[in-house]
1. When you go through SER245, SER311 one by one, which is the residue that is at pLDDT 90 or above, over 21 Å from CYS138 (Cα atoms) and among the hydroxyl-bearing types (Ser, Thr, Tyr)?
2. Would you kindly identify the strands (runs of 3 or more DSSP E) lying entirely within region 112-217 that contain at least 2 residues that are at pLDDT 95 or above, assigned by TED's automatic domain parsing to the domain that holds ARG78 and touching a Leu at 6+ places or on another chain (Cβ under 9 Å)?
3. Can you pull out every residue in region 65-100 that is within 11 Å of ASN51 (Cα to Cα), touching a residue at least 12 places away in the same chain (Cβ under 8 Å) and either not assigned by TED's automatic domain parsing to the domain that holds GLY50 or not in a helix (DSSP H, G or I) (or both)?
4. Residue by residue through region 138-178, note down the ones that are under 26 Å from SER48 (Cβ atoms), over 9 Å from the mean Cα position of the chain (by Cα) and among the small types (Gly, Ala, Ser).
5. Would you mention how many residues in region 303-330 are more than 27 Å from GLY262 (Cβ to Cβ) and either in contact with a helix residue (DSSP H, G or I) (Cβ under 7 Å, 6 or more places away or on another chain) or not in a strand (DSSP E or B) (or both)?
6. Go through region 220-262 and tell me which strands (runs of 3 or more DSSP E), entirely inside it, have 2 or more residues that are more than 18 Å from ILE349 (Cβ to Cβ).
7. Among the residues of region 195-245, write down those that are among the aromatic types (Phe, Trp, Tyr) and within 17 Å of ASP185 (Cβ to Cβ).
8. Which pairs do you get when a residue that is on the phi > 0 side of the Ramachandran plot, found in region 119-147, comes within reach of a residue that is of a type in the set (D, E, K, R), reach meaning Cβ atoms under 8 angstrom, with the pair 6+ apart or on two chains?
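The values are calculated or read from the model by the stated rules, or taken from the named source; none is laboratory data. Every value quoted in this text rests on a predicted model; they were computed, and no experiment measured them. Cβ: placed from backbone, ideal geometry, glycine included. Neighbour counts: every protein chain shown.
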Amino acid sequence: MTTSIPLGRSDRVLLFAPHPDDETLAAAGLFQQALESGAEARVIYTTSGGNNPWMQRLYERRWRVSSAEDKARYAALRRNEALGALACMGLTADCAMFLDYPDQGMTHTLLNDPEPAVNLLSEELLRRKPTIVAVPSCFDLHPDHSALAVLVRLAMVRASCEWKPRLVLHYIDHGTHKTPAGINDVQIALTMEQQNVKREALARHETQLALRRRWLLSFAAPTETFIINEEARSSCEGHAIRRVSVDGGCLVLEMAQRARPGAFGRTMLCLVSGGGGRQALRFNMPVRWRKKTVPIAQFPEGRVVGEAILSGNVHGGSARIPLDILQTGTVLFAKLERRFGFFDEAGWIEIPHP
């Protein structure tokens, strides 16, 4: 389905980007269409993309890039590239905000100390009151992307008593450009001129072109795809967490595991429960199928708060988690976290809060 998103002069588009270049990959066409309709458009970058040593080595042609000064220099380069890309689309530097959270560290932020980030994001949402919010999808395989999706969702729940957007768009940059089965999406058509502008904007991200030029430029396609209003799901074929149910006072998660080159090694099951006027609760537990029970620990102190019952083998199975540890909330997220690899086996998934 190819269509367009209705935009007018009263609209305010706000996109959350985990790194410089995500704004162009996901939404260069959307930005152009917003400006052509007279709408406002802004980008909030949660990191400046400074922690990518192999890309930095290739771009700068130097081996030693491990110091804080090296990362700061590379982050400054990437911020300038992002501003150049925005200028190609017609956006000024005033339309960008850089929060400078640690690159490759958004999952750590989510699990260990999410409150400052959730407060800041909700304050920006209430200050800007965007009518259209664009945010990474939980299904994105880059951990910074899916963790930011959860943080923004928590911020939107916190701000919902004073503001609600008319449309939330979710984008996938890593893993697959295809929307998971059974999930509504919209593909907006780009004119040839808009594709050319997007290609020009992508070319401004010179640090990224050195190693993945073909992949980057492949996004200058005739369409941009967004998931519309990603919601809690009790089942999702293709995701590592396939089905969710409640039985006998337990939350039951049915899982199918599949190691991949970007994600392998021992597995932890992570949960984030938030909303309802409370701070988000975060838990994890080892997925060790040979054991009948495993401890459930609460972040960040690691205090054991209960036990989960496992049933399955290396290919998957089920975990039974006592409901009483989740307490009252309005949103609940789950993820299988592999020990090794740059990307995820699967991103976070929002599941119905029991």
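1. Details: SER245 fails: over 21 Å from CYS138 (Cα atoms).
Answer to the selection: SER311.
2. Numbers: elements: 132-136, 167-171, 185-189.
Because the criterion is at least 2 residues that are at pLDDT 95 or above, assigned by TED's automatic domain parsing to the domain that holds ARG78 and touching a Leu at 6+ places or on another chain (Cβ under 9 Å), the strands (runs of 3 or more DSSP E) in region 112-217 that meet it are 132-136, 167-171.
3. VAL65, SER66
4. ALA155, ALA159, GLY175
5. Residues flagged as more than 27 Å from GLY262 (Cβ to Cβ) and either in contact with a helix residue (DSSP H, G or I) (Cβ under 7 Å, 6 or more places away or on another chain) or not in a strand (DSSP E or B) (or both) within region 303-330 amount to 10.
6. Working: elements: 223-228, 241-247, 250-256.
Output list reads 223-228.
7. Restricting attention to region 195-245, the residues satisfying the condition of being among the aromatic types (Phe, Trp, Tyr) are 215, 219, 226.
Residues satisfying the conditions are PHE219, PHE226.
8. LYS129/ARG12
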